Amino acid sequence: MLSYLIRRIVNAVITLLVVTMVTFGIFFAVPTITGSDPALLYIGKTADPASLEGIRTKLGLDDPIPVQYGKFLKGLVAGRDYANGADVTHCDAPCLGYSFKTEQEVTPLLISDIPVTLSLAIGAAILWVLFGVATGVLSALKRGTFLDRAAMTGALAGVSLPIYFTGQLALLIFIHELGWLPDAAYTPFLEDPAGWFTGLILPWVTLAFLFAATYARLTRANMLETLGEDYIRTARSKGLPERTVIGKHGLRAVLTPLVTVFGLDFGTLLAGAILTEQVFNLRGLGYQALTAIRQNDLPVILGVTLIAAIFIVVINLIVDLLYSVIDPRVRLG
Amino acid sequence: MSTDSLAGLTMPAGPAKRPFLEVKDLTVRFNTDDGVVKAVSGSSFAVERGKTLGIVGESGSGKSVTSLAVLGLHRTRSNATVAGEIWLDDKELVTASDEEVRKLRGGKMAMIFQDPLSAMHPYYTVGAQIVEAYRVHHKVSKKEARVRAIDMLARVGIPQPEKRFNEYGHQFSGGMRQRAMIAMALVNDPKLLIADEPTTALDVTVQAQILDLIRDLQEEFGSAVIMITHDLGVVAELADDVLVMYGGKVIERGPAADVFHEPQHPYTWGLLGSMPRLDRELRERLTPVKGSPPSLINLPSGCAFHPRCPYAGRNGDRSFTESPELRGGVHAVACHLPAEDRQKIYEQEVAPNL
Ligand SMILES: Nc1ncnc2c1ncn2[C@@H]1O[C@H](COP(=O)(O)OP(=O)(O)O)[C@@H](O)[C@H]1O
Ligand code: SF4
Ligand SMILES: [Mg+2]
């Protein structure tokens with residue numbers, strides 16, 4: 001078990017290293033190779049050659065690419081100094097450089113955005129798992145009834161409607177028409193838990209709808225299959241009440257494979273979060289990323305990509321470890 | 001003696017007390033997309049406490065469906081209909097409520113299944129599954145149930161029961177796994193134990209051990225046992241009475257000694273013919289009787305066995321048009337051949353080849 005744990009963690013670290021290489025390669029090396037000048041992006045087209053040269057030295061853009069990558073890594077782990085002669089700027093670890101546009105450090109900028117996206121993602125995940133699994137189980141138990149067909153039709157809609165559509169629709173109905181909810185907005189949880197909740201409920205529902213639909217269909221299929229298993233018959237033959245047979249023996253077998261799917265979906269969730277933040281005008285990582293892409297703000301794009309990658313790698317690590325705990329055949333095999 | 005008397009099977013005839021388990025005219029149907037599966041039709045039998053009833057027949061003859069019906073396990077299937085009477089210790093189960101039957105399940109009546117690997121939950125330890133079985137029927141703490149479970153594991157011959165208590169089904173060998181299933185089935189001292197092909201998934205030496213174990217435990221607990229198998233050797237060794245099933249019907253029924261020494265039905269002859277010697281231990285699977293088992297959706301007209309029966313033409317066309325009823329007393333048979341003819345055929349054509 002311990003060696004499995006260590007192996008998984010080492011794997012995760014290597015994956016992250018590769019991710020930094022690829023993103024660095026794409027976002028820094030490519031402009032250099034293609035001749036578009038990051039220094040120019042940084043300082044603006046009107047800059048005179050001298051200050052352009054100064055910026056280039058300070059950002060280390062004249063160094064060979066491997067050296068730049070080394071400095072970038074060092075900045076992530078230990079922080080780094082940007083120096084041009086006596087002009088020294090220190091950037092604390094984890095240093096992601098400076099925004100080309102605002103000239104602010106990228107790290108604090110992104111860190112302030114993380115709670116927004118995290119609140120959105122976690123809230124939506126809880127909603128979709130609860131509703132998806134509950135709908136799936138009910139559908140399986142009431143197979144072929146009106147309830148089953150209605151739920152599965154709803155699920156089909158959930159899978160096929162884009163967030164732009166469902167989000168706008170929800171916005172229109174619940175905020176503009178009915179006025180049941182205030183404008184979607186992020187209020188820090190610690191400041192005002194109720195405000196945090198009401199401000200996010202619509203984005204949660206919108207984002208969760210998409211995934212809940214997938215989970216409902218998956219749960220239903222898994223449950224129908226599981227109910228035909230011999231060990232369910234054994235559970236019944238022991239005289240267990242039907243709710244224990246389904247709620248314990250059935251659900252345990254249904255949820256286990258769902259954990260893996262859940263891990264994979266977290267990546268997709270980030271993409272969904274970008275769109276949701278856009279629709280509801282929430283200033284999270286996704287919003288930041290879109291703005292940065294529009295403005296060609298390379299360090300910010302790199303930073304968001306890296307954070308997203310870390311997020312996915314860590315979630316997958318957790319899911320792997322969790323899976324080995326809940327499936328004894330993996331743990332011991 | 002009336003033709004449908006069952007009491008004679010294990011008890012003297014007459015309006016005596018009901019046998020411990022009495023099944024009368026049991027009929028089980030499944031509605032499927034392909035049509036109605038007549039899985040069991042008008043099956044009747046009885047078992048007393050301390051006795052063993054063997055049910056034999058080819059795969060698909062309705063043996064498992066019969067046993068699941070006794071346990072009331074078709075109730076959760078929306079496509080199943082069960083008719084007839086099932087009396088367990090003077091209580092009728094077909095008309096009993098779901099809750100009443102559930103309380104008997106695993107308590108007064110328990111079942112051992114064919115494939116112990118798939119019959120165990122992959123995500124719960126063996127111990128947890130036995131503890132659960134005990135606690136459904138006994139209001140005891142987890143600790144007490146644990147003691148009981150470990151005791152049961154030891155009783156069925158599992159070494160190091162404390163350690164194995166915490167292991168999962170897939171960590172057990174086939175034989176040990178079936179022992180654990182038996183421990184789980186017996187944890188509540190059931191008065192009726194149904195073993196549905198308990199040794200089919202096991203290798204030969206282990207089969208013998210498991211059968212010995214079931215026999216020993218039966219002696220110890222005094223339970224009624226229904227032993228389902230398609231291995232006649234098992235029946236010869238364990239059963240007091242035998243039921244031969246074909247196409248969802250009981251076609252021969254009687255004390256084991258009678259059925260083995262004076263088999264009456266041509267299908268039973270075929271089954272016995274696949275055993276080289278009656279007095280030799282045989283544990284190999286039966287080589288099936290020539291031809292294939294009937295479809296339970298479109299049963300052959302008349303006697304369901306007629307397409308495979310060498311004697312089908314001997315009664316005009318009765319075998320093709322009229323379904324034979326199970327007739328006789330203690331030893332009953334469902335065949336149109338007159339008893340004398342059967343006697344003659346058996347003595348002259350069949351017995352010499354057995
Ligand atoms: N739930 C079910 N739905 C439809 N058909 C079934 C069901 N269970 C069993 N059957 C059918 O009933 C017949 C008898 O099966 P079974 O009792 O399992 O035979 P066996 O004698 O091998 O134990 C088979 O043809 C099987 O396909
Ligand atoms: S009734 Fe006819 S077909 Fe059926 S077993 Fe007897 S002889 Fe054979
Ligand atoms: Mg069977």
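The values are calculated or read from the model by the stated rules, or taken from the named source; none is laboratory data. Please read these numbers as outputs of a predicted model, since none were measured by experiment. Neighbour counts run over all protein chains shown; Cβ positions are idealised from the backbone, glycine included.
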Quiz prompt | Which listed residue is modelled with pLDDT of 85 or more, more than 16 Å from ligand 3 (Cβ to nearest atom) and farther than 26 Å from B:L26 by Cβ, from B:R280, B:R215 | solution = B:R215
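Just to be sure before I move on: is A:L96 outside the structural domain of A:A212 (by TED's automatic domain parsing), buried (at least 18 other Cβ atoms within 10 Å of the Cβ), under 20 Å from A:A289 (Cβ atoms) and modelled with pLDDT of 85 or more in the structure I sent? Even if it seems obvious, please write down each step before you answer.
Values: outside the structural domain of A:A212 (by TED's automatic domain parsing): yes; buried (at least 18 other Cβ atoms within 10 Å of the Cβ): yes; under 20 Å from A:A289 (Cβ atoms): yes; modelled with pLDDT of 85 or more: yes.
Spelling it out, A:L96 is indeed outside the structural domain of A:A212 (by TED's automatic domain parsing), buried (at least 18 other Cβ atoms within 10 Å of the Cβ), under 20 Å from A:A289 (Cβ atoms) and modelled with pLDDT of 85 or more.
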Quiz item: Here are A:K101, A:K71: which of them is out of contact with any helix residue (DSSP H, G or I) (no Cβ under 7 Å at 6 or more places or on another chain) and charged (D, E, K, R)?
Solution: A:K71
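Quick one: would you say B:T66 is more than 9 Å from chain A (Cβ to nearest Cβ) and over 27 Å from B:S295 (Cα atoms)? Walk me through how you get there before you give the answer.
Values: more than 9 Å from chain A (Cβ to nearest Cβ): yes; over 27 Å from B:S295 (Cα atoms): no.
Considered against the rule, which asks whether it is more than 9 Å from chain A (Cβ to nearest Cβ) and over 27 Å from B:S295 (Cα atoms), B:T66 comes out as no.
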Practice problem: Being within 12 Å of ligand 1 (Cβ to nearest atom) and on the phi > 0 side of the Ramachandran plot is the filter here, so list the residues in region B:18-41 that pass it. | Solution: B:G35
Quiz prompt | Residues of region B:163-183 satisfying the condition of being touching a residue at least 60 places away in the same chain (Cβ under 8 Å), within 12 Å of chain A (Cβ to nearest Cβ) and in contact with a strand residue (DSSP E or B) (Cβ under 8 Å, 6 or more places away or on another chain) | solution = B:M181
Quiz item: In region A:309-331, is there at least one residue being of a type in the set (S, T, Y), crowded, with 16+ Cβ neighbours inside 10 Å, out of contact with any His (no Cβ under 8 Å at 6 or more places or on another chain) and more than 14 Å from chain B (Cβ to nearest Cβ)?
Solution: no
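So that you can scan it fast, the table gives a plain yes or no per residue for (1) surrounded by fewer than 19 Cβ atoms within 10 Å (Cβ to Cβ); (2) within 14 Å of chain A (Cβ to nearest Cβ); (3) under 21 Å from B:G107 (Cβ atoms):
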{"site": "B:P122", "(1), (2), (3)": "yes, yes, no"}
{"site": "B:V126", "(1), (2), (3)": "no, yes, yes"}
{"site": "B:Y134", "(1), (2), (3)": "no, yes, yes"}
{"site": "B:H138", "(1), (2), (3)": "yes, yes, yes"}
{"site": "B:S141", "(1), (2), (3)": "yes, no, yes"}
{"site": "B:E144", "(1), (2), (3)": "yes, no, yes"}
{"site": "B:L153", "(1), (2), (3)": "no, no, yes"}
{"site": "B:V156", "(1), (2), (3)": "no, no, yes"}
{"site": "B:P161", "(1), (2), (3)": "no, no, no"}
Quiz prompt | Qualifying helices (runs of 4 or more DSSP H) (wholly inside region B:54-155; at least 1 residues being in contact with a helix residue (DSSP H, G or I) (Cβ under 8 Å, 6 or more places away or on another chain) and more than 30 Å from B:V235 (Cβ to Cβ)) | solution = B:98-104, B:126-137, B:142-155
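Pick out the one residue from A:L240, A:L270, A:L282, A:L264 that is more than 10 Å from chain B (Cβ to nearest Cβ) and modelled with pLDDT of 85 or more.
Working: A:L240 fails: more than 10 Å from chain B (Cβ to nearest Cβ); A:L270 fails: modelled with pLDDT of 85 or more; A:L264 fails: modelled with pLDDT of 85 or more.
Going through A:L240, A:L270, A:L282, A:L264 in turn, just one is more than 10 Å from chain B (Cβ to nearest Cβ) and modelled with pLDDT of 85 or more: A:L282.
When region B:221-239 is examined, which residues are found to be more than 19 Å from B:E197 (Cβ to Cβ) and in contact with a helix residue (DSSP H, G or I) (Cβ under 8 Å, 6 or more places away or on another chain)? Walk me through it before giving the result.
Of all residues in region B:221-239, those more than 19 Å from B:E197 (Cβ to Cβ) come to B:221-222.
Hit for region B:221-239 is B:F221, nothing else.
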Quiz item: Which residues, counting only those in region B:289-341, are closer than 17 Å to B:S59 by Cα and among the basic types (K, R)?
Solution: B:K290, B:R308
Quiz item: So which of A:D183, A:D192, A:D148 ends up being touching a Ser or Thr at 6+ places or on another chain (Cβ under 6 Å), surrounded by fewer than 20 Cβ atoms within 10 Å (Cβ to Cβ) and either in the same structural domain as A:S112 (by TED's automatic domain parsing) or under 16 Å from A:V254 (Cα atoms) (or both)?
Solution: A:D148
Practice problem: Would you mind telling me which numbered condition in (1) charged (D, E, K, R); (2) crowded, with 20+ Cβ neighbours inside 10 Å; (3) in contact with a Ser or Thr (Cβ under 8 Å, 6 or more places away or on another chain); (4) within 14 Å of another protein chain (Cβ to nearest Cβ) A:E277 fails? | Solution: (4)
Quiz item: Of all residues in region B:42-66 being surrounded by fewer than 23 Cβ atoms within 10 Å (Cβ to Cβ) and either under 9 Å from the mean Cα position of the chain (by Cα) or of a type in the set (S, T, N, Q) (or both), which is farthest from ligand 1 (Cβ to nearest atom)?
Solution: B:S44
Self-check item: Unmet requirement for B:T27, which otherwise passes all of (1) assigned to a strand (DSSP E or B); (2) within 16 Å of ligand 3 (Cβ to nearest atom)
Solution: (2)
Quiz item: Within region A:208-218, is even one residue surrounded by fewer than 18 Cβ atoms within 10 Å (Cβ to Cβ), in contact (Cβ under 8 Å) with a residue 60 or more places away in the chain, away from chain B (no Cβ under 14 Å) and aromatic (F, W, Y)?
Solution: no
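Per-residue answers, yes or no, for (1) of a type in the set (G, A, S); (2) in the same structural domain as A:V116 (by TED's automatic domain parsing); (3) part of a helix (DSSP H, G or I):
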| residue | (1), (2), (3) |
| --- | --- |
| A:A273 | yes, yes, yes |
| A:Q278 | no, yes, yes |
| A:R283 | no, yes, no |
| A:A289 | yes, yes, yes |
| A:V300 | no, yes, yes |
| A:I307 | no, yes, yes |
| A:I310 | no, yes, yes |
| A:V314 | no, yes, yes |
| A:D320 | no, yes, yes |
